[in-house]
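Report on the following structure.
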Amino acid sequence: MGSGLDRSVTRVADSTETSAPLLSIVIPVYDEEHVIQEFHRRLIGVTEAMSTSCEVVYVNDGSADRTLELLKSLNPGRENVRILNLSRNFGKDIALTAGLDFSRGDAVIVIDADLQDPPELIPEMVDCWTQGYDVVYATRSSRRGESWLKKFSAKMFYRTIQHMSGQVKIPEDTGDFRLLSRRAVNAITQLREHHRFMKGLFSWIGFRQKSIFYERDSRFAGKTKWNYWRLWNFSLDGITSFTTVPLRVATYVGLLTAISSFCYGSFIIFRAIVIGDPVPGFPSLMAVITFLGGVQLLTLGIFGEYLGRTFNESKRRPLYFLQDEFEIKKIDR
């Protein structure tokens, strides 16, 4: 970014501009130094070709690399660029929530910075919004650059939670890339739970929603932050946030195990007393004990997941803390 650009980086506390833009674009970022400049170049190319005025809101989620430094050096084009710098890494869903809290537009676009979700889809989303839709979400028709295991596990997760979530219909193969109207954003920002499964919250609020399809690209640069361990924990958050089916299943499994154990015990007693066969010895006894112990521990684990989430919510801590807020003024042309 050349030194001849007519721009300034200031703390928002020193800024006096209060006009609300029509469209806010919220981008949570965490250690994205390898991709942020190319993403911004493509994003600005899209927004400058649109007739609507925009603001770009980057949320730096405690990056440990040069992401914040690069954000403050970006060329704003004819859009104001705001940077929210969180006090530490709080996680993507909370960083996304911070961006929604501070957005000022009549509609808000949520998009990742890794360029797997193309900024060029934004005008189509805006067109759907002008037709009266409150939520326009992008559904992946293909997932390039991902292993078969990740594709299969994602497919199974979305279909599992779709069948378990009851009245809340969570779209399959759909990430966070979407447009929200102002009333949809206001609804989301009222939901302050800590274990935030944003894909479920976007569906839970209701309103008029529409899907558009796109081909998801492979990551432009850098490495994904979503390893299989994090994806597993993410799936637990999603399931426990939007359904109590695991608790019900644990009840049914416990009931079925108790009935089976009672029937098997009755059979052993009958055979020993009436037929005269000796009671089975140590191996069969250990098999029954370990099986019942495993079922009990599994059930306690399910109860513990829900109890732990209840404990975290009961502390009522703030979702995040903001360390700094910056604004890069647009270039007057």
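The values are calculated or read from the model by the stated rules, or taken from the named source; none is laboratory data. No experiment lies behind these values; they were computed from the predicted model shown. Cβ: placed from backbone, ideal geometry, glycine included. Neighbour counts: every protein chain shown.
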Legend entry - Exclusive hit being within 19 Å of the chain's Cα centre (by Cα) and surrounded by fewer than 22 Cβ atoms within 10 Å (Cβ to Cβ), set Asp65, Asp101, Asp61: Asp101
Legend entry - Every pair of residues 6+ apart whose Cβ atoms lie under 8 Å, when the first sits in the stretch 30-43 and is free of Cβ contacts under 8 Å to residues at least 12 places away in the same chain while the second is of a type outside the set (S, T, N, Q): none
Legend entry - Selection count, the stretch 114-138, where residues are aliphatic (A, V, I, L, M) and either closer than 19 Å to Glu325 by Cα or in contact with a Lys or Arg (Cβ under 9 Å, 6 or more places away or on another chain) (or both): 5
Inset, instruction - Could you figure out which of (1) outside any helix (DSSP H, G or I); (2) crowded, with 16+ Cβ neighbours inside 10 Å; (3) free of Cβ contacts under 8 Å to residues at least 24 places away in the same chain isn't true of Val108? - result: (3)
Legend entry - Members of the stretch 38-73 found to be aliphatic (A, V, I, L, M) and under 16 Å from Gly99 (Cβ atoms), listed by number: Leu43, Val56, Val57, Val59, Leu68, Leu71
Legend entry - Some residue of the stretch 172-189 being outside any loop (DSSP other than H, G, I, E, B), modelled with pLDDT of 75 or more and among the aromatic types (Phe, Trp, Tyr): yes
Inset, instruction - Among residues belonging to the stretch 22-43 that are outside any strand (DSSP E or B) and among the hydrophobic types (A, V, I, L, M, F, W, C), point out the one that is surrounded by the most Cβ atoms within 10 Å (Cβ to Cβ). - result: Ile36
Inset, instruction - For residues that are at pLDDT below 70 and not β-branched (Val, Ile, Thr), scanning just the stretch 292-333, find the one that is nearest to Glu193 (Cα to Cα). - result: Lys330
Legend entry - Selection status of Arg82, surrounded by fewer than 19 Cβ atoms within 10 Å (Cβ to Cβ) and either of a type outside the set (S, T, N, Q) or assigned to a helix (DSSP H, G or I) (or both): no
Legend entry - Residue that is among the hydroxyl-bearing types (Ser, Thr, Tyr), modelled with pLDDT under 90 and either under 23 Å from Leu179 (Cα atoms) or out of contact with any strand residue (DSSP E or B) (no Cβ under 7 Å at 6 or more places or on another chain) (or both), where the choices are Ser15, Ser51, Ser63: Ser51
